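Just so you know, all these numbers are worked out from the coordinates, no wet-lab data involved. For clarity, every value in this text was computed on a predicted model and none was experimentally measured. Glycine gets a Cβ as well: all are built from the backbone with ideal geometry, and neighbour counts include every protein chain shown.
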């Protein structure tokens, strides 16, 4: 087709499930996604014909991907600042820009910036000497300043001695180390927003995220029983962070909700996020479409819920207890739960690895049953157990 | 990934928008769609990496596409019976099978089979001599028995003389000619169902289809003001036809609703259909996912509505009155209507050609306003006119 009639092209660095699902959304907007993938069988490279093979720190690969694209965006935080800045110097529209993305790459910089913004957050210390590792009443969580992802790069020492040992090891490995006050949270929340270059922001309802082994595995939208004032405060906080940091695209603000009714910022991610997978079936605008609208500088879509409650549950790799293939498990699940939406990522089911998710919608009054059915479906697809009482 | 863990592969013959949207659905089920396309820039070939280039009557191309696929299916009716039967003789799972598909390929065979089934339908005659062309009180519609598609292959003569002339021309061109009693319809409906090889059938709510220049351009789901008894009769009729003909996949039964409260079968299509595009955003299970579930022999998904009313309006190619590119028109539309879902097919906007559609959901009580907004959005994207009063 003539180029003047073609829809604009977006290139995404990273070939994982986030790029895979962004490709689905890009098709509807008239043009598939260009993907920078390390391997031809990465989840997004399996399903998009427009693949540039290369690593996230390969400037020449990213330059090839940027050619003919109106914007370059990301499905992870691992593109080095020097590479981002070189692309920007070329005149490429990098969304989010390097100046924003650094706060998702460097937890120390993020923590310092949040203090400047007056955002509620746990106390923190940069630790440069094991002997000086702080040990407040509740203890600390130790993090490497950069490279943390989905539970890796985070340690939960049980004593000050153990904390000092971990710090010593990390410093020896050349890591910048951060100690954060350990928060006794009632639960975890996520405030997801999207921001366009023009500054328009759209906020999805605040959700509850349920962690297992340091990994978000269940999301309930909206967070049940959250006081409206606290929900509004969480949305306002996420909007403020997106605006002040100059984010373009989706921003996930992961939060602790404390027993005494406060929210504290745990982590930031500047891309579509696991806590937003429910939007694919449960919001008028999915996070993947919204991310594209933002990086294309289109007006943002309506982020409202399409049902009273929406529950997402992750499918985690492992060996099926009953020896059934995933295909057989999907078959049985569909017979049992004809309303469950299945999303598979095309990944090897290695233990502990997210290989897909399910979404289920229902009436607000049925939230506990909807959650139970979604968790049951994900458990069945993960492990081949628990689909009915007898199994 | 190891082949035992891969999701099963489906191959679809035809690279149009139906295959393009089926690829979106296939991604969620764990494996993209393999597409047989004539050109690398066909709508589906633009977005799937698994393309076999070839025409629909190219048996060797279809054999290549079938290799490694668990089923072969179609985004149109143009694969010759001989080719279908050769694939079946190879042991390929052809869904729908040749024995069913012939009734979507040959209108005479379809009409005769519907009579055997006792299905309500207009009277019809095979015409082999122009002089013998029937002319009942309301006149006739003339059709070629095969090759009709989207208004082409259908004639509406105003007099018996004109009918005889058309028949003479068609017979001379070697066509089999069918005359059907012209139905004075109150409106047109579509009853969409899907059927699996096992015989499970799922029926979406009956919808109203609005035609313009012989082309379906607006769909309202569910059909407004349709008596429940007539809706149930239409669903039962579609289920009966799917079952008796042995359809596998989606079947669209296009219907006339008469002033005196009857339904009559107009056309059959055995594939995802324009009258089912609303399901992408408005049903728990889209027609594309359901078609895949059927041809994969998975249990079918819930075909229920996710809103009180859903309106689909097609975007038709043409020259934008204001000289705006499609990209600019999309931009303006999104600012105006943040709840409209846009689906573009990646096609050259040649006049009269469907190049996309929009879906809009709303409360049942707002049906007229939802329809007006969807039609306005589609008109704007089609022609660059009518987005607001002043334009």
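For the protein assembly as shown, count the residues as N, evaluate 2.2 N^0.38 Å, and divide the Cα radius of gyration by that value, please.
Scaled against compact globular proteins, the figure is 1.01.
In nanometers and ordered shortest first, the copy-to-copy spacing of the residue B:135 label point, defined 7 Å from Cα toward Cβ, is 10.5. In nanometres and ascending order, the distances from the residue B:55 label point to those of the other copies are 4.9 (point 7 Å from Cα along Cα→Cβ). The mean count of C-beta atoms from other chains within 10 Å of the C-beta of residues in B:289-302, rounded to a whole number, is 3.
When a/c is below 1.5 the answer is rounded, else prolate if a/b is larger than b/c, else oblate, so apply that to region A:1-103 with a ≥ b ≥ c taken from the square roots of the Cα gyration tensor eigenvalues. Oblate is the answer for region A:1-103, as a/c is 1.5 or above yet b/c matches or exceeds a/b. Note on B:19-29: average number of Cβ atoms from other chains within 10 Å of each residue's Cβ is 5.
Please report the spacing between the Cα centers of region A:13-47 and region B:217-262 in Å, no decimals. Cα centroid of region A:13-47 versus Cα centroid of region B:217-262: 38 Å apart.
Across region A:123-249, Cα-Cα distances exceeding 26 Å account for 38% of all pairs. Estimated from helical segments only, the mean residue ellipticity of chain A at 222 nm is -9500 deg cm²/dmol, where each DSSP H run of four or more residues counts as -39500 (n - 2.57).
Distances between copies of residue A:78, taken at a point 7 Å out from Cα along the Cα→Cβ vector and listed shortest first: 4.5 nm.
When you count the other C-beta atoms within 10 angstrom of each residue and take the mean per peptide, B:94-105, A:130-141 line up highest first as B:94-105, A:130-141.
Just checking the output field for A:351-360: average partner chain Cβ neighbours within 10 Å of each residue's Cβ?
The shielding value for this peptide is 1.
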